[in-house]
1. Provide the FRET efficiency to the nearest 0.05 for the LYS15-LYS93 pair, computing r from the beta carbons and using R0 = 25 Å.
2. TYR71 to ILE102: FRET efficiency via 1/(1 + (r/R0)^6), r the Cβ-Cβ distance, R0 35 Å, to the nearest 0.05?
3. Looking at this model, which pairs from LYS93/LYS114; LYS42/LYS70; LYS34/LYS117; LYS42/LYS97; LYS34/LYS109 are more than 20 angstrom apart at the alpha-carbon?
4. Provide ILE120, ILE49, ILE89 in ascending order of the number of other Cβ atoms located within 10 Å of each residue's Cβ, fewest first.
5. Considering only the other residues whose Cβ falls under 11 Å of the Cβ of LEU30, what net charge follows from Lys and Arg at +1 and Asp and Glu at -1?
6. Treat each spin label as a single point 7 Å out from the Cα along the C-beta direction, and report the GLN122 to ASP43 distance in nm.
7. Starting from the 7 Å offset along Cα-to-Cβ, what nm value, one decimal, do you get for the label separation of THR57 and VAL113?
8. Lys and Arg at +1, Asp and Glu at -1: add these up for the other residues within a Cβ distance under 15 Å of ASP90 and post the number.
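We did not get these values from a lab; they are worked out from the coordinates using the rules stated. These figures come from a predicted structure and were not determined experimentally. Glycine also receives a Cβ, built like all others from the backbone with ideal geometry; neighbour counts cover every protein chain displayed.
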Amino acid sequence: MMTEKNIARTDEVKKVYHVPLADIYETADLYSLKLEMPGIVKDNLNIVIDENELRITADAAAAENVKDLKYAEFYARNFNRTFRIGSDIDRNKVDAKLENGILTLVLHKSEEVKPRKITINQLN
């Protein structure tokens, strides 16, 4: 649910950008982000990793039949969210899926930072 505190404004383009709500999960192998982005289509979504920033922007699709619209409570929004990411993320192994208004990103951890079991050798 979008609230007033979830709105970011930019003077460059004179657009209002909403900050999508997000859940972040971590396992030993990856980070998984789920962002709520209703009304967004794949072609209007831009995901970029630049150094230690993950930037997600989405422009709302043009509304259909706006001239016939008399009253509206549901409308597509522009979204913008930036996350700081560490050097533990493998920049070449990022997966993205957009389904039913939910963007899911899977950021795989580098092999060097994954936990590994150390084998103890027996000396005779």
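1. Efficiency for this residue pair is about 0.20.
2. That pair, TYR71 with ILE102, gives E of 0.80.
3. Details: LYS93/LYS114 14 Å; LYS42/LYS70 28 Å; LYS34/LYS117 30 Å; LYS42/LYS97 9 Å; LYS34/LYS109 17 Å.
Beyond 20 Å: LYS42/LYS70; LYS34/LYS117.
4. Details: ILE120 6, ILE49 15, ILE89 19.
Ordered from fewest to most neighbouring Cβ atoms within 10 Å, ILE120, ILE49, ILE89 come out as ILE120, ILE49, ILE89.
5. Values: positive: LYS93, LYS109, LYS114; negative: GLU26, ASP29, ASP88, ASP90, ASP95.
The answer is -2.
6. 6.6
7. Calculated label separation equals 2.6 nm.
8. -3
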